[in-house]
Amino acid sequence: MAESIEEGALVFVADGEDGIGSVRRLLPDENALLVYIENAGDFVIPARGVRTVHSGKVVLDLDHLPPEVLEAIGNARRSEYPH
């Protein structure tokens with residue numbers, strides 16, 4: 001990763017997209033992050049689930065995330081765009 005991850009950093013699925021949450025806590029013993037995802041709560045994201053870190057942003061690697069995290073990401077912005 002280009003820079004270190006800090007608590008409070010915004011989390012994204014891609015550069016140029018809206019943020020989907022933020023880093024709550026670093027979990028060095030688990031080589032993971034605790035991430036709050038909007039409309040879903042807190043999830044443990046393994047370090048391999050992080051594509052890059054830059055400019056205070058954490059960009060996730062969707063290919064390395066568990067199904068429950070992918071589902072939460074899919075619902076993160078739903079309240080802003082009602083059916």
Between Rg and the Kirkwood Rh of the chain, both from Cα atoms, what is the Rg to Rh ratio?
0.94
Scan of the chain for GluC sites (Glu not before Pro) in DSSP loops with at most 16 other beta-carbon atoms within 10 Å gives a longest site-free stretch of 18-83
Helix-derived [θ] at 222 nm for the chain: sum -39500 (n - 2.57) over DSSP H runs of at least 4, divide by residue count, nearest 500?
-3000 deg cm²/dmol
Tensor-based shape of the range 25-66 (alpha-carbon gyration tensor, a/c under 1.5 rounded, otherwise prolate or oblate):
rounded
With a point put 7 Å past each Cα toward its Cβ, work out how far Val44 is from Glu17 in nm, to one decimal.
2.4 nm
Could you please report the charge total around Gly41, scoring K, R as +1 and D, E as -1 over all other residues with beta-carbon less than 11 angstrom from its beta-carbon?
-2
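Readers should treat all values here as calculations from the given coordinates under stated rules, not as data from a laboratory. These figures come from a predicted structure and were not determined experimentally. Heads up, the Cβs are rebuilt from the backbone with ideal geometry, glycines too, and the neighbour counts pull from every protein chain shown.
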